[in-house]
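Inspection log for the structure reproduced underneath, given as structure tokens.
The values are calculated or read from the model by the stated rules, or taken from the named source; none is laboratory data. Bear in mind the structure is a predicted one, so any value in this text is a computation, not a measurement. Cβ coordinates were reconstructed from backbone atoms using ideal geometry, including for glycine residues, and neighbour counts include every protein chain displayed. These accessible areas exclude ligands, DNA and RNA; they are computed on the full protein's heavy atoms, side chains included. Shrake-Rupley method; radii C 1.70, N 1.55, O 1.52, S 1.80 Å.
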Amino acid sequence: MKSKNDQASWLQGNGARCSAPGKFPPAPYHIVLLGPPGVGKGTQAERLCRHLNACHLSTGDVFRAAKCLSDNQLTPAIKAALGYMRRGDLVPDDTVIDMVVERVRCLNCQHGFVLDGFPRTLAQAEALEALLETINKPLDAVVNFDLPAEMVVERIAGRRICKACGASYHIKNQKPKAEGLCDSCGAALTQREDDREESVRVRLEAYESATRPLIDFYRSRNLLLNINAEGPPADVFDRLCFELSLAMTRKRRTVA
Ligand code: AMP
């Protein structure tokens, strides 16, 4: 059986190496996912990574992994970051950018990558652009998932995650086989701390003021793909694959 990559390089940083990286794809993809919290970026990122054999790089996952470390293993910047995260606020740009720069090996990996939750501000987008230029790995596409605001709130309120393996569910749209238990590992499902109502309001405001402007930033670079995120995850994924393959065909024709 194929063993799953443990994402150690990304989640732990500090020069850690991934186990079971698997076969490299012949044409690695370099993709950013955008969209409000709760739109389903994480679920689509997992599917897309399996499909493209790419690495799923989520900055939120790095912070959630840090929550499991003991106090003396945390740097002051990461400790402060966990406070911002709990309240639903964005972590300061310097902390997030330093964290990504420290993991540049993951951006340079021969698997390619799907960035989920980074960049979230213009300063982060500019830092990413400069970093990718230094390693000569320009972005292939930026996918923006669109969903009406009331559906965003419903999705977040019903989201449940498995703390043990990170799998994500929804109490209405993506039910686990046994109520409250993870299909993959059987552990109990919980609500993310920052999915509670007070934090969600702050996260949606942060998205509107800081992250939405990235849509124009990437549109002006001819990288933007808009995807309607309504409906079941499988339908959204079909739309995503269709638009992505069209965009890549267009791109190859322009390069040829
Ligand atoms: P996510 O799982 O992407 O929704 O991220 C969860 C939380 O981690 C966010 O609400 C922020 O507090 C923090 N976070 C993750 N990525 C970033 C980022 N690129 N910039 C600032 N804060 C971030």
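Dipole size of segment 149-195 about its Cα centre, with +1 on Lys/Arg Cβ and -1 on Asp/Glu Cβ: approximately 160 debye, rounded to the nearest 20.
Evaluated with a Cβ-only charge set (Lys, Arg +1; Asp, Glu -1), segment 66-113 carries a dipole of roughly 200 debye about its Cα centre, given to the nearest 20. Counting only protein heavy atoms and a 1.4 Å probe, segment 1-74 has 53 square angstrom of accessible area per residue. Full extension of the chain segment joining E197 with A77 gains 40.6 nm, where the gain is 0.36 nm per residue of separation less the Cα-Cα distance. Spin-label pair E129-N14: with each label point 7 Å from Cα along the Cα-Cβ axis, the two points sit 3.5 nm from one another. Distances between placed amide hydrogens fall under 5 Å for H30 paired with F113, D140, A141, all partners being 5 or more residues away or on another chain.
With unit charges on the beta carbon (Lys/Arg positive, Asp/Glu negative), name the residue among S70, A157, L107 whose Cα is farthest towards the positive pole of the charge dipole of segment 61-166. Checked the options; the winner is S70.
Amide H contacts of L181 (H built 1.01 Å from N, in plane; Pro and chain starts excluded): L189 sit under 5 Å, all sequence-distant by 5 or more or on other chains. Measuring between their Cα centroids, segment 78-104 and segment 221-255 lie 29 Å from each other. Candidates T43, N5, L244 compared by Cα position along the dipole of the chain: farthest toward the positive end lies N5, with charges placed on Cβ. Distant-in-sequence amide contacts of G13, defined by a placed amide H-H separation under 5 Å and a gap of 5 or more residues or a different chain, comprise nothing. FRET efficiency for the A149 to R87 pair, using the beta carbon distance and R₀ = 25 Å, is estimated at 0.75. Taking every full run of DSSP H in the chain, the ones that stretch at least 20 Å from end to end by Cα along their long axis and average -0.5 or higher on the Kyte-Doolittle scale are 233-255. Across the accessible surface of the chain, with the other protein chains kept in place and a 1.4 Å probe, carbon and sulfur atoms take up 53 percent. Placing a pseudo-label 7 Å from each Cα along the Cα-to-Cβ vector at Q110 and K251 gives an inter-label distance of 2.0 nm. Dipole check for the chain: with +1 at the C-beta of Lys and Arg, -1 at the C-beta of Asp and Glu, and the Cα centre as origin, the magnitude is about 840 Debye. For segment 35-147, the relative contact order works out to 38 percent when only alpha carbon pairs closer than 8 Å and six or more residues apart are counted. Rounded if a/c is under 1.5, else prolate if a/b is larger than b/c, else oblate: which is segment 177-256, with a ≥ b ≥ c the root eigenvalues of its Cα gyration tensor? Verdict is oblate for segment 177-256. For trypsin sites (Lys or Arg not before Pro), the sites in segment 1-89 that DSSP calls loop and that have at most 13 other Cβ atoms within 10 Å are K2, K4, R17, K23.
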